[in-house]
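Here's the structure, in structure tokens; my notes come after.
The values are calculated or read from the model by the stated rules, or taken from the named source; none is laboratory data. Just so you know, these numbers come straight off a predicted model, no measurement behind them. Glycine also receives a Cβ, built like all others from the backbone with ideal geometry; neighbour counts cover every protein chain displayed. Protein only, heavy atoms only, side chains kept; ligands, DNA and RNA dropped before computing areas. Shrake-Rupley method; radii C 1.70, N 1.55, O 1.52, S 1.80 Å.
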Amino acid sequence: MKLAFVMHNDLYTARVMQLLDAVGIDYYTRWDHATGKGHGTEPHLGRGTYSSTNAVMMIAFQEEAPLEALVQAITVANSEIKRASDKIRLFQLPLERMV
């Protein structure tokens, strides 16, 4: 089992939802208006010069296939996004238990 965190600029929420739908994922938890800064990216602080914010999605996978389909879909979507700060990120971790 795996756990994935998908992080993206709030402006791309509709696009990320389309990606999830396209690969058949209808289960997630989402936090909107998250703030922070990644390695080599501009800050997303929700105010001032850095007024954008991010959304974070947590998705638990019991099977590998939907996760791999999502990774491929994000890779394609990112090839169409020009700014590095706007690319969709996916962080994958082992998931030991779901109750």
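Does T13 satisfy being among the β-branched types (V, I, T) and either without any contact (Cβ under 8 Å) to a residue 40 or more places away in the chain or touching a strand residue (DSSP E or B) at 6+ places or on another chain (Cβ under 6 Å) (or both)?
Numbers: among the β-branched types (V, I, T): yes; either without any contact (Cβ under 8 Å) to a residue 40 or more places away in the chain or touching a strand residue (DSSP E or B) at 6+ places or on another chain (Cβ under 6 Å) (or both): yes.
It is true that T13 is among the β-branched types (V, I, T) and either without any contact (Cβ under 8 Å) to a residue 40 or more places away in the chain or touching a strand residue (DSSP E or B) at 6+ places or on another chain (Cβ under 6 Å) (or both).
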### Query
Looking at (1) of a type in the set (A, V, I, L, M); (2) touching a residue at least 60 places away in the same chain (Cβ under 8 Å); (3) more than 22 Å from V99 (Cα to Cα); (4) outside any helix (DSSP H, G or I), which is the one condition that is false for I74?
(4)
### Query
Which of (1) more than 16 Å from F91 (Cβ to Cβ); (2) within 10 Å of the chain's Cα centre (by Cα); (3) assigned to a strand (DSSP E or B) is the odd one out, the single condition V6 does not satisfy?
(1)
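Taking R47 as the residue in question, decide whether it is out of contact with any Gly (no Cβ under 9 Å at 6 or more places or on another chain), at pLDDT below 95 and open to solvent by 30 Å² or more (accessible area, probe 1.4 Å). Spell out how you get there, then give the answer.
Details: out of contact with any Gly (no Cβ under 9 Å at 6 or more places or on another chain): yes; at pLDDT below 95: yes; open to solvent by 30 Å² or more (accessible area, probe 1.4 Å): yes.
Answer is yes for this residue.
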#### Entry: Subset of segment 1-16 [open to solvent by 10 Å² or more (accessible area, probe 1.4 Å), modelled with pLDDT of 95 or more and aliphatic (A, V, I, L, M)]
M1, L3, M7, A14
